[in-house]
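Coordinate-derived values only; no laboratory data. As the structure is a prediction and not an experimental result, all values here were calculated from the model. Counting neighbours? That spans all protein chains shown, and the Cβs are built from the backbone with ideal geometry, glycine included.
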Amino acid sequence: MSIKINLHWHEWQEDTNGQTIVEVNGNTTGQCLKHLLKQFPALEKEIFDRDGELLGYLTIFVNREPAFPEELTKPVKDGDEIHIVPLVAGG
């Protein structure tokens, strides 16, 4: 099974050797993120808080559809794309 994770934050490229799309395996978004962290452990502090919860300013999309409220439990299948997107605010 192959799922692509799209990383939409420029700073993460330092931790992924310049990759913005990473192939992972898993049956849920959470499993896929764990596989991502096995490949790039430095991303853990960028994605999860100390309790292992998704950081509040990130949102997960599967095939461009919001995964909320199942951000870490949403089922995925071969060929799906996961997008990790930081929420941006300004004023």
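Data table
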{"quantity": "Count of residues meeting criterion [out of contact with any Leu (no Cβ under 7 Å at 6 or more places or on another chain) and either buried (at least 16 other Cβ atoms within 10 Å of the Cβ) or not aliphatic (A, V, I, L, M) (or both)] in the range 1-27", "calculated": "18"}
{"quantity": "Test: A67 is surrounded by fewer than 14 Cβ atoms within 10 Å (Cβ to Cβ), free of Cβ contacts under 8 Å to residues at least 40 places away in the same chain and on the phi < 0 side of the Ramachandran plot", "calculated": "no"}
{"quantity": "Looking only at the range 80-91, and only at residues there that are in a loop (DSSP other than H, G, I, E, B) and under 15 Å from the mean Cα position of the chain (by Cα), the one that is nearest to V24 (Cα to Cα)", "calculated": "D80"}
{"quantity": "Single unsatisfied condition, G52 versus (1) surrounded by fewer than 16 Cβ atoms within 10 Å (Cβ to Cβ); (2) on the phi > 0 side of the Ramachandran plot; (3) in contact (Cβ under 8 Å) with a residue 24 or more places away in the chain", "calculated": "(3)"}
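Conditions (1) out of contact with any helix residue (DSSP H, G or I) (no Cβ under 6 Å at 6 or more places or on another chain); (2) in a strand (DSSP E or B); (3) among the basic types (K, R), marked per residue:
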{"site": "Q31", "(1), (2), (3)": "yes, no, no"}
{"site": "E44", "(1), (2), (3)": "no, no, no"}
{"site": "G52", "(1), (2), (3)": "yes, no, no"}
{"site": "G56", "(1), (2), (3)": "yes, no, no"}
{"site": "T59", "(1), (2), (3)": "yes, yes, no"}
